[in-house]
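Any read-out appearing in this document is the output of simple, stated calculations on the displayed coordinates, not a laboratory observation. Just so you know, these numbers come straight off a predicted model, no measurement behind them. As a convention, Cβ positions derive from the backbone with ideal geometry for all residues, glycine included, and neighbour counts pool all protein chains shown.
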There are 2 protein chains.
Amino acid sequence: MPNVHAVVMAGGSGTRFWPASRQRMPKQLLPLAGRPGETLIAATVRRLAPLIPPERVWVATGARLADATAAELPGVPRAQILAEPVPRNTAPCIAWATATIARAHPDAVVAVLPADHFIADEPGFREVLARALKTAEAGWLTTIGIVPTRPETGYGYIEIGDPIADGAHAVARFVEKPTRDRAEAFVAGGKHLWNAGMFFFRTGPMMTAIQQHLPALAARVAEICDEASLARVFPGLQAISIDKGVMEKADRIAVVPGSFGWNDVGSWEVTWELAAHDAQGNAVPEGTITVDATGNLVRDLSSGGARRRFALVGVRDLVIVETDDAVLVIPRERAQDVRAVVDELRARGETDKL
Amino acid sequence: MPNVHAVVMAGGSGTRFWPASRQRMPKQLLPLAGRPGETLIAATVRRLAPLIPPERVWVATGARLADATAAELPGVPRAQILAEPVPRNTAPCIAWATATIARAHPDAVVAVLPADHFIADEPGFREVLARALKTAEAGWLTTIGIVPTRPETGYGYIEIGDPIADGAHAVARFVEKPTRDRAEAFVAGGKHLWNAGMFFFRTGPMMTAIQQHLPALAARVAEICDEASLARVFPGLQAISIDKGVMEKADRIAVVPGSFGWNDVGSWEVTWELAAHDAQGNAVPEGTITVDATGNLVRDLSSGGARRRFALVGVRDLVIVETDDAVLVIPRERAQDVRAVVDELRARGETDKL
């Protein structure tokens, strides 16, 4: 597919992975799941490569992350790292990226993908991706919906409508994060998919839809043509998601269901789930001494990492994360509560630790 | 008491405080209890000073610890650091130290004290010490017995005999580590004291007692007069404790009971007990973030220590110890099991971590 471009959205802040994640080192720049040492964003670009080579990958990220992001993706041309002066949610991001791509490649088909997710079955993912791109090529604003494996209340859902082509369906409606009861009904009913934030479209139909549903945004994004206009215009754009701003309102919205071991890597608990374990369920550095220790995750990102020896005795289901300047110890089941630590650091003004 | 000398026995290996304690950094050279940053051996010498100034303190330690020990005790003359070529238990150590002191100070009264214990009530300790020295001056081989506060099965006991002077008693007998039942009977009976490994004597009576009960040892120790004779003789000495070799057999053995907050600092659990706690019972570095965390001990001995931020969320009663090359996480109540880690390191041949 020679005319296909990818936009990797890499704007996350990732407080849920403190102390590894920081304002200058967000989740996508960390090796939190998958191949040892491979960052989530590098994996995102690598698994696209058989369909969309890095020369046709664009990355939207925060200005202060642009250099670190470029360093992580040597195959992506530096000019295709789109540095947002301030974060403004996904609609401005996608509008700007689409307009930029359309200028050089007016007939491009664009795949928009989050930078910080994990996918276990990469060939399976590419099959679904190819189907979504084909649907987009036919003029549909297309998304991939993940077949749910549990009644998750933390995601939005997409209700499947009528079939429109091989594996693709019209979208009946987008559904906000449901209650537990509704989520259970969705999983049982088989007509709802997880919204994974992946979007596929020809530049024309997407720009038309933005013009129709977010006309002010479309007009202002059209003014962006260089660094100066970017700095002037971008901060004033309405911070709204592409889901709310466009997808939920537009016509000809399609969804392609997929099951390829998708995971949004939401916490250290997930890192443990996706990691290789020893027989006692410990995901720990090589050489770690464990005595009656089960189900623990140890990640040592300190500069002394490789030569440091961890010893765990009689502890279970703990997360232990070390960097040069911070150490976190938390039960796996409370991994989400790392936010409380970040809140406390912010309240204290310890910005060097954020 | 101008003629009183102290011998501080600093031969311990201290595997119970791994990863802080190492072969080259045993327990007495670590700040495990008491004043912040003060090592146990420095505290031992400091609290003697009102009665026995550092110029009259001798330190018996292993040859490879001599320099580090001297550096820790700037007031102690370097020539008074007695470096044992190999460890040979307390009888050879005390015999050699006593012979060495007697050569320059034939009428000395000697106080032998372990280097790695904690004492909460230092003035109270010095009162008992003065009483023990007075008893020793009168010709008794004297020990201090700690009034027991619990039915401890890990210590030897001393049974009190007839009173002999102000606060001093003859020793009825030394008792090996008792069963739990016997220990409970000892505490209830009020006639048994903990043997804390402190000994007080005039050089003459002690050398006579060694000659009588360990004649081979006495004869060989008399040959030690320089580095060469030390290296030749010391390794061949019988490794036996002063308790078994002399105190349990000699006549005129006295004990002075004492209660001064003595603790042999046997594990990380004890370090936690003796440390300052926050309201939730955490003994952690300043600035540590705690969220629903109670009863934890954190000790960071790494070079980054002061600027590292610990965050404990939802964990209780854990010991977390960090050095530049090792990290230990263990429940407080299992602190003794750190030996298993040291055993594993030894089995693996990871000598740099021992």
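From the residues B:ALA102, B:SER241, B:VAL321, which one has its Cα farthest along the dipole of chain B in the positive direction, the dipole being from +1 and -1 charges on Cβ of Lys/Arg and Asp/Glu about the Cα centre?
Sorting the options by dipole projection puts first B:ALA102.
With the convex hull built on the Cα atoms of chain B, state its orientation-averaged projected area in nm².
Mean projected area for chain B: 18.5 nm², to one decimal.
With a/c under 1.5 counting as rounded, go ahead and sort the range A:155-314 into rounded, prolate or oblate using the C-alpha gyration tensor (a ≥ b ≥ c being the square roots of the eigenvalues; past the cut-off, prolate if a/b is larger than b/c, else oblate).
Oblate shape, in that a/c is at least 1.5 and b/c is the bigger or equal ratio.
Only Lys, Arg, Asp and Glu count, each charged at its Cβ (+1, +1, -1, -1), so figure out the dipole size of the protein assembly as shown about its Cα centre, rounded to 20 debye.
With only Lys, Arg, Asp and Glu charged at Cβ, the dipole is about 420 debye.
Restricting attention to the range B:1-78, which trypsin sites (Lys or Arg not before Pro) occupy a DSSP loop and are surrounded by at most 16 other Cβ atoms within 10 Å?
Here the trypsin sites (Lys or Arg not before Pro) that fit, given the DSSP loop and packing criteria, are B:ARG24.
Within 10 Å of each Cβ in B:320-328, how many Cβ atoms from other chains are there, averaged over the peptide?
5
Averaged over peptide B:287-298, how many Cβ atoms belonging to another chain are found within 10 Å of each residue's Cβ?
3
In a Gaussian network model over chain A where Cα atoms closer than 10 Å are linked, find which of A:ILE289, A:ILE240, A:ILE94 has the largest mean-square fluctuation.
A:ILE289
DSSP beta bridges in chain A, what fraction antiparallel, as a percent rounded to 5?
Bridges in chain A that DSSP calls antiparallel: roughly 45 percent.
Could you pull out the longest piece of chain B with no exposed loop GluC sites (Glu not before Pro) in it, calling a site exposed if DSSP puts it outside H, G, I, E, B and it has at most 13 other Cβ atoms within 10 Å?
B:1-175
What are the nm distances, shortest first, from B:ASP107 to its equivalents in the other copies, labels at 7 Å along Cα→Cβ?
Nearest first, the other copies' label points are 11.4 nm away.
First check a/c for the range A:1-149, with a ≥ b ≥ c the square roots of the eigenvalues of its C-alpha gyration tensor; if it is under 1.5, answer rounded, and if not, answer prolate when a/b is larger than b/c or oblate otherwise.
Because a/c hits 1.5 or more and a/b fails to exceed b/c, the range A:1-149 counts as oblate.
Taking each full run of DSSP H in chain A as one helix, which ones are at least 20 Å long along their axis (Cα atoms) and have mean Kyte-Doolittle hydropathy of at least -1.0?
A:90-104, A:122-137
Taking amide H positions as placed in the peptide plane 1.01 Å from N, state which residues far from B:MET198 in sequence (5 or more) or on other chains have amide H under 5 Å from it.
B:ILE144
Counting each DSSP H run of 4 or more residues in chain B as -39500 (n - 2.57), what helix-only mean residue ellipticity at 222 nm follows after dividing by all residues, to the nearest 500 deg cm²/dmol?
So the helix-based figure for chain B works out to -8500 deg cm²/dmol.
Please list, or write none, the aspartates and glutamates whose alpha carbon is within less than 13 Å of the alpha carbon of A:LYS191, excluding same-chain residues fewer than 8 places away.
Straight-distance partners of A:LYS191: A:GLU159, A:ASP162.
When the scattering of the range A:268-353 is computed by the Debye formula from its Cα atoms alone, each counted once and equally, what is log10 I(q)/I(0) at q = 0.11, 0.16, 0.20 Å⁻¹?
-0.32, -0.65, -0.94
For the range B:275-328 and the range B:214-264, what is the centre-to-centre distance using only Cα atoms, to the nearest Å?
41
Indicate the gyration tensor shape class of the protein assembly as shown (rounded, prolate or oblate), computed on the Cα atoms with a ≥ b ≥ c the square roots of the eigenvalues: a/c under 1.5 is rounded; otherwise a/b larger than b/c is prolate and the rest oblate.
Prolate.
State, to one decimal in nm and shortest first, how far the label point of B:GLU184 sits from each corresponding label point in the other identical copies (label point: 7 angstrom along Cα-to-Cβ).
5.1
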